[in-house]
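Since every read-out is calculated from the coordinates, none of them should be taken as a lab result. Computed from a predicted structure; not experimentally measured. Neighbour counts run over all protein chains shown; Cβ positions are idealised from the backbone, glycine included.
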Amino acid sequence: MADGTLVDVTETAKEAGFRIPVAITAAAWEDCVAWDRDDNTRKGTANDQEGRLWDVLWMAWNAAIRNRDTSAFHFQVFRVPRQGRGHMPRMTTLSALCHGGDQGEPLVTIMMPDED
């Protein structure tokens, strides 16, 4: 996480139900979580970054429960795309992987499906 490719979201993930550390890749963060006031003005919506993060983590947690016997799974979340002119929520697919972190500790990483 120190190199900037992962964002530690463990504290919010605990609130969603996760019991182990959770990180999200920079690409997934940019696509599904990142949001600021300028985005609200440009899109004419009332989103915020905290709410978008919660949506991702809540959907990941629910998918994790349904897929508890596997270490990797896909899940979907609706989000208003940050890029482009659209202002309606669109569904996107994310992947999650439970694996050993840098020191072998259990870690869930949420990423775009084309990342590994």
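By the count of neighbouring beta-carbon atoms within 10 Å, fewest first, Trp61, Trp29 end up ordered Trp61, Trp29. Centre-to-centre separation between the Cα atoms of region 75-113 and those of region 17-53: 10 Å. Look at the alpha carbon pairs under 8 Å that are at least 6 residues apart: their mean separation over the length of region 6-111 gives a relative contact order of 27 percent.
All other residues whose Cβ lies under 14 angstrom from that of Arg90 are scored, Lys and Arg at +1 and Asp and Glu at -1, for a net of +3.
Taking the average, over residues, of other Cβ atoms within 10 Å as the packing measure, peptides 80-87, 109-116 rank 109-116, 80-87 from highest down. When shorter helices are ignored and each DSSP H run of at least 4 residues is given -39500 (n - 2.57), the per-residue value for the chain at 222 nm works out to -10000 deg cm²/dmol.
Shown for Lys14, Lys43: other C-beta atoms within 10 Å of each C-beta, ranked fewest to most, produce the order Lys14, Lys43. Between helix 49-66 and the chain, what is the angle of the helix's C-alpha long axis to the longest principal axis, kept within 0 to 90° and rounded to the nearest 10? Taking Cα atoms only, the helix is inclined about 40 degrees.
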